[in-house]
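Notes for the one structure printed next.
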Amino acid sequence: MKTSIIIIDDHQLFREGVKRILDFEASFQVVAEGDDGEDALGLVEEHKPDVVIMDINMPTTNGIEATKRLIEAYPDTKVIILSIHDDESYVTHALKTGASGYLLKEMDADSLVEAVKVVAEGGSYLHPRVTHNLVKEYRRLALHGHASPGFVQEAEIRRPLHILTRRECEVLQLLADGKSNRGVGDSLYISEKTVKNHVSNILQKMNVNDRTQAVVVAIKNGWVEVR
């Protein structure tokens, strides 16, 4: 079965670009489009999509409010927020309303496709730069004693060589640095396919669902440096 998708964005050209990218993926099907958060509830009720891609800034009902209403009415709805804002306050607010993903509009096509696949399978996905900013904020709170229990506060970095290979540790560090798969590949002079294999192995060994969880767990355990 194909992953059914609804796109909500008030900029028609951007919406068409997103749809074009998704249409290239054989396992995806864009079933409806809307240009405001007000459209979202009716379209979800009509089409019962697997994933809703939602712009955050819209004239009548913004993406955060629309997501909140969607999740309240349809708790199983999976929403990916699109935004130009990488500030952790926006991200935290979006996630608190029930969004499963947060992408910056400067994303590349691979990130969009990967995000939809991860979220459709029940995981969460944050744009790499957003992940990095959140990690920096968690680290800042930890160093000042304001983070939730379990966050590492010492500066010493203890690589998780008991579960990961040295190369996987390098990949995990670059994920914490906010690198995309392509960025990790460029940094380590390896292919994106090899990077994806390493990331898959890391998630399995760390028993987490997605790269965001992997980075947060790594920060909690002092396995990566936040720089």
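Values as computed for the structure displayed
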{"read-out": "Portion, in percent, of the accessible area of segment 3-139 that falls on carbon or sulfur, probe 1.4 Å", "value": "47"}
{"read-out": "J(HN,Hα) series, segment 61-73, from Karplus relation 6.51 cos²θ - 1.76 cosθ + 1.60, nearest Hz, glycine and proline x", "value": "10, 6, x, 5, 5, 5, 5, 4, 5, 4, 5, 5, 7"}
{"read-out": "Glu45, Glu88, reordered so the largest accessible area comes first (probe 1.4 Å)", "value": "Glu45, Glu88"}
{"read-out": "Accessible-area ranking of Val224, Val31, largest first, probe 1.4 Å", "value": "Val31, Val224"}
{"read-out": "Per-pair calculated FRET efficiency, R0 = 35 Å: Ala73 and Gln12 via Cβ, rounded to 0.05", "value": "0.85"}
{"read-out": "Sites Met1 and Ser89 - FRET efficiency at Förster radius 41 Å, r taken between beta-carbons, to 0.05", "value": "0.65"}
{"read-out": "Rg(Cα) / (2.2 N^0.38 Å) computed for segment 3-139, rounded to two decimals", "value": "0.95"}
{"read-out": "Mean Cα-pair separation over length for segment 166-221, i.e. relative contact order, pairs under 8 Å, 6 or more apart, %", "value": "33"}
{"read-out": "Label-point separation in nm, Arg158 to Glu225, each point 7 Å along Cα→Cβ", "value": "1.8"}
{"read-out": "Spatial separation of Cα centroids for segment 1-78 and segment 184-226, in angstrom", "value": "29"}
{"read-out": "Pairwise label distance in nanometres, Val31 with Lys196, each label 7 Å out on the Cα-Cβ vector", "value": "2.5"}
{"read-out": "Segment Arg166-Asn209, extension gain: residue separation times 0.36 nm, minus the distance between their alpha carbons", "value": "13.4 nm"}
{"read-out": "Percentage relative contact order, segment 3-139, counting C-alpha pairs under 8 Å, at least six apart", "value": "21"}
{"read-out": "Rounded accessible area per residue of the chain, 1.4 Å, Å²", "value": "50"}
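The values are calculated or read from the model by the stated rules, or taken from the named source; none is laboratory data. Just so we're clear, the structure is a prediction, and the values are computed from it rather than from any experiment. Don't worry about glycine lacking a Cβ; one is built from the backbone with ideal geometry, like all the others, and counts go over all protein chains shown. For accessibility, only protein heavy atoms count, side chains too; no ligands or nucleic acids. Shrake-Rupley method; radii C 1.70, N 1.55, O 1.52, S 1.80 Å.
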